[in-house]
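Shown next, in structure tokens, is the structure this report addresses.
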Amino acid sequence: MDGLSTVMVIAALVAVVVGFFVGRGTSGSKAGSSPARRSGSAGSGGGSGPDEALHLALSRIGGYLRENVDAPLAAAFKDRRLSLRKAAEQAVAAVDDLHFYLEAPSDETGEEDLLHLAKEAVRDFEADWDLSVRVSAKGSVTVRVNGEALLDALYLILHNSAVFGEGKGVIVTISSDGAWGRVHVQDDGPGFTAEALSRAYDPFYTTSEDGLGLGLSHARRAIELQAGRIQLRNRAEGGAEVEIAVPLA
């Protein structure tokens, strides 16, 4: 695909994505959407109601597209030393990330090893980010989940912990009790503010400055579709903790 064709495809995709989120923004629902392992967040946003929700959604998406689609393409057109193909590929990847949130997570489940899934999510995360995550477990835990959907949710939670935990000491602990397999993701950052604890699952809510604010809402949606639960809390010794509980097989 040549540079012009790629740009035209991007423009069409952007129109579809913005149209979808404009419709979703007016609903005020807390549902997230879909699968590709990457998270984003941006600005905090306040208020409620359709107008505020629409404004917040457009603001987040506009900032994301300016940073990840418009900026690399504009730079490549301005400076011939830069690769237009590479810029177009970066823009397409950014739009793919938006499509990740457009798709509904699957609720089809089967038996999976929770420790194996957690280690795979950590490997994927460490390959993308220059951070090390410690995994702790006493052994395998067999659960009934959708493996791909849970991998996506775990990746998003790890990303959230790394960003808002300021890259400090992310630890993943796997355990089981009663009817549940559990994943605890902890960090040594400043923890959640009171507002963040109450609004963390709201689509487009975040206290970061350069993302979408859709990661935790998608993670919650994916986990609850598997009859699982997710909880956020601050640790007594400092830092934040996200707990995922999914049914044992």
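Yes/no per residue for (1) part of a helix (DSSP H, G or I); (2) under 21 Å from the mean Cα position of the chain (by Cα); (3) assigned by TED's automatic domain parsing to the domain that holds Leu156; (4) at pLDDT below 80:
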| residue | (1), (2), (3), (4) |
| --- | --- |
| Ala31 | no, yes, no, yes |
| Arg38 | no, yes, no, yes |
| Ser48 | no, no, no, yes |
| Glu52 | yes, no, no, yes |
| Leu56 | yes, yes, no, yes |
| Ala91 | yes, yes, no, no |
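Among the residues making up the stretch 199-230, those that are among the hydrophobic types (A, V, I, L, M, F, W, C) and closer than 21 Å to His99 by Cβ are Phe204, Leu212, Leu214, Leu216, Ala219, Ala222, Ile223, Leu225.
Based on what the data block shows, is Leu156 under 18 Å from Asp124 (Cβ atoms), of a type outside the set (Ser, Thr, Tyr) and either part of a helix (DSSP H, G or I) or not assigned by TED's automatic domain parsing to the domain that holds Ala127 (or both)? Yes; evaluated as a whole, the condition is true for this residue.
Would you check if there is a residue in the stretch 146-156 being in contact with a Lys or Arg (Cβ under 6 Å, 6 or more places away or on another chain) and of a type in the set (D, E, K, R)?
Looking through the stretch 146-156, at least one residue is in contact with a Lys or Arg (Cβ under 6 Å, 6 or more places away or on another chain) and of a type in the set (D, E, K, R).
Checked against (1) over 23 Å from Asp97 (Cα atoms); (2) among the charged types (D, E, K, R); (3) surrounded by fewer than 21 Cβ atoms within 10 Å (Cβ to Cβ), Asp187 meets all criteria but (3).
Within the stretch 218-238, work out how many residues are crowded, with 21+ Cβ neighbours inside 10 Å and in contact with a Gly (Cβ under 8 Å, 6 or more places away or on another chain). So the answer is 5.
A Cβ distance below 8 Å, combined with a sequence gap of six or more or placement on separate chains, defines the contacts here; from the stretch 112-141, residues that are within 11 Å of Tyr155 (Cα to Cα) and among the small types (Gly, Ala, Ser) reach residues that are modelled with pLDDT of 95 or more and part of a strand (DSSP E or B) in the pairs Ala118/Val135; Ala118/Ala137; Ala118/Val172; Ala118/Ile174; Ala118/Val183.
The values are calculated or read from the model by the stated rules, or taken from the named source; none is laboratory data. On a predicted model such as this, the values are computed, not experimentally measured, just so you know. All Cβ positions, glycine included, derive from the backbone under ideal geometry; neighbour counts span all protein chains shown.
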